[in-house]
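Structure first, commentary second.
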Amino acid sequence: DVKVTQSSRYLVKRTGEKVFLECVQDMDHENMFWYRQDPGLGLRLIYFSYDVKMKEKGDIPEGYSVSREKKERFSLILESASTNQTSMYLCASSLTGGGYGGYTFGSGTRLTVV
Amino acid sequence: GENVEQHPSTLSVQEGDSAVIKCTYSDSASNYFPWYKQELGKGPQLIIDIRSNVGEKKDQRIAVTLNKTAKHFSLHITETQPEDSAVYFCAASTGGGGFKTIFGAGTRLFVKA
């Protein structure tokens, strides 16, 4: 069964901490994405990557960075966590950039910043 | 900017009834429209999709319709069951070209037994 695995289901971090969210996919997909999910706002794209070491800003990149050193792994970094970054974070991968065939999502990481 | 509006935000139906969720998109370049189902504690999962060269697609109890002229697309679930209870997201994208997928805000569907 193909998978996108996010390393943590729940995280609690303090304001100002540097936070790493890890995502690994086993489908050999070129494209990987980080979304943020908030009630009433749907899924908003933070960053995406279409190849190793390549990254592009999404709609809400402020306060975040990403790293893709290997094809299967895409990391989201909160440089200095703030309370307004408390949210559900979803990683996804796809065969095509625009999503023909759909995205495969991980189960999400619920991050609370206190 | 481009957006996708999704209605209703909450939908409650009796088991066996039909459920309809509607979306409207703004980007006329959109040509691929997937629907995702998100169960509690899980990530969204693709349940059905439609491309712009097709007006309707059906898979067992679920169907999607697309009106490109009006920029509307809808999800229809017939003979609803309690396990259909979940949050459903529509999305619009430019398919194989580009990386722009816009999601709707989601519809929470309750199916009462």
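The values are calculated or read from the model by the stated rules, or taken from the named source; none is laboratory data. Remember, predicted model here, so these are calculated numbers, not experimental data. Neighbour counts are summed over all protein chains in view; Cβ atoms, including those assigned to glycine, are modelled from backbone coordinates with ideal geometry.
Things worth noting here:
- Screening A:Leu111 against (1) touching a Ser or Thr at 6+ places or on another chain (Cβ under 9 Å); (2) part of a loop (DSSP other than H, G, I, E, B) leaves a single unmet condition, (2).
- Test: residue in the stretch B:50-68 that is within 14 Å of chain A (Cβ to nearest Cβ), crowded, with 20+ Cβ neighbours inside 10 Å, modelled with pLDDT under 95 and touching an Asp or Glu at 6+ places or on another chain (Cβ under 9 Å): yes
- Test: residue in the stretch B:43-58 that is closer than 20 Å to A:Phe105 by Cα and not in a strand (DSSP E or B): yes
- Look at (1) more than 23 Å from B:Glu2 (Cα to Cα); (2) free of Cβ contacts under 8 Å to residues at least 24 places away in the same chain; (3) among the charged types (D, E, K, R) and you find that A:Lys57 fails only one, number (1).
- When restricted to residues that are at the interface with chain A (Cβ under 8 Å from one of its Cβ atoms), farther than 16 Å from A:Lys3 by Cα and not aromatic (Phe, Trp, Tyr), the stretch B:21-49 contains 2.
- Restricted to the stretch B:1-45, and to residues there that are surrounded by 13 or more Cβ atoms within 10 Å (Cβ to Cβ) and of a type in the set (A, V, I, L, M), the residue that is farthest from A:Ala92 (Cα to Cα) is B:Val13.
- Hits in the stretch A:55-86 - residues which are more than 11 Å from chain B (Cβ to nearest Cβ), of a type outside the set (Asp, Glu) and either at positive phi or part of a loop (DSSP other than H, G, I, E, B) (or both): A:Lys55, A:Ile60, A:Pro61, A:Gly63, A:Lys71, A:Ser80, A:Ala81, A:Ser82, A:Thr86
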